[in-house]
Amino acid sequence: QVQLVESGEGLVQPGGSLRLSCAASGSIFRQDVMGWYRQALGKQRELVVRITGSGSTNYADSVKGRFTVSRDNVKNTVYLQMNSLKPEDTAIYYCTVVHWARDYWGQGTQVTVSS
């Protein structure tokens, strides 16, 4: 069983930065794909970024150049550095890992961008 615990939620002004972390407990594999999704109020959940075990990434166009994903395979942790935040980035952010072809999700962490 895999559990994901996110941290780093917060309220930030437009143009500000925030860093999210997601730690996986239980055994995951180095090659398991990890990632971040987000869901804004009244909207469908959408992909933010995925990262493979080798570090290959796939970003949503809306965050390219502003967000950076990284992972620590020793700590089983994935990070999301968010810069130049915009009000439209406001959402609940979910961490995910695909392990043995099954999707695991964190509980979500709120990011609010507002002046």
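The values are calculated or read from the model by the stated rules, or taken from the named source; none is laboratory data. This one's a predicted model, so the numbers in the text were calculated from it and none came from an experiment. Note that each Cβ is placed from the backbone with ideal geometry, even for glycine, and that neighbours are counted across all protein chains shown. The area values use the complete protein model at the heavy-atom level, side chains included, leaving out ligands, DNA and RNA. Shrake-Rupley method; radii C 1.70, N 1.55, O 1.52, S 1.80 Å.
Among the residues of segment 5-36, those identified as buried (at least 16 other Cβ atoms within 10 Å of the Cβ), touching a Phe, Trp or Tyr at 6+ places or on another chain (Cβ under 9 Å) and of a type outside the set (Gly, Ala, Ser) are 6, 20, 22, 28, 32, 36. Scanning segment 87-109 for residues that are farther than 13 Å from residue 3 by Cβ and in contact with a Gly (Cβ under 8 Å, 6 or more places away or on another chain) yields a count of 4.
Applying a threshold of 6 Å to beta carbon distances and a minimum spacing of six or more residues, or different chains, the list of pairs starting in segment 22-47 at a residue that is over 17 Å from residue 78 (Cβ atoms) and ending at one that is modelled with pLDDT of 90 or more and not in a strand (DSSP E or B) reads 39/45.
Is it the case that some residue within segment 2-18 is of a type in the set (D, E, K, R), touching a Ser or Thr at 6+ places or on another chain (Cβ under 6 Å) and assigned to a strand (DSSP E or B)? Within segment 2-18 (the criterion being of a type in the set (D, E, K, R), touching a Ser or Thr at 6+ places or on another chain (Cβ under 6 Å) and assigned to a strand (DSSP E or B)), the answer is yes, since at least one residue qualifies.
Taking the residues in segment 64-77 that are part of a loop (DSSP other than H, G, I, E, B) and basic (Lys, Arg) as candidates, determine which candidate is farthest from residue 16 (Cα to Cα).
First pass over segment 64-77, keeping only residues part of a loop (DSSP other than H, G, I, E, B): 64-66, 73-76.
Filter once more, keeping what is basic (Lys, Arg): 64, 66, 75.
Numbers: 64: 16, 66: 11, 75: 27 Å.
The residue in question is 75.
The set of residues in segment 92-102 that are at pLDDT 95 or above and either open to solvent by 20 Å² or more (accessible area, probe 1.4 Å) or touching a Ser or Thr at 6+ places or on another chain (Cβ under 9 Å) (or both) comprises 92, 93, 94, 95.
Residues in segment 40-63 that are surrounded by 11 or more Cβ atoms within 10 Å (Cβ to Cβ), outside any strand (DSSP E or B) and at pLDDT 95 or above: 40, 45, 60, 62, 63. Do we find that residue 80 is open to solvent by 70 Å² or more (accessible area, probe 1.4 Å) and modelled with pLDDT of 95 or more in this structure? So residue 80 fails the test.
Within segment 22-39, the residues that satisfy the criterion of being at pLDDT below 95 and polar (S, T, N, Q) are 25, 27, 31.
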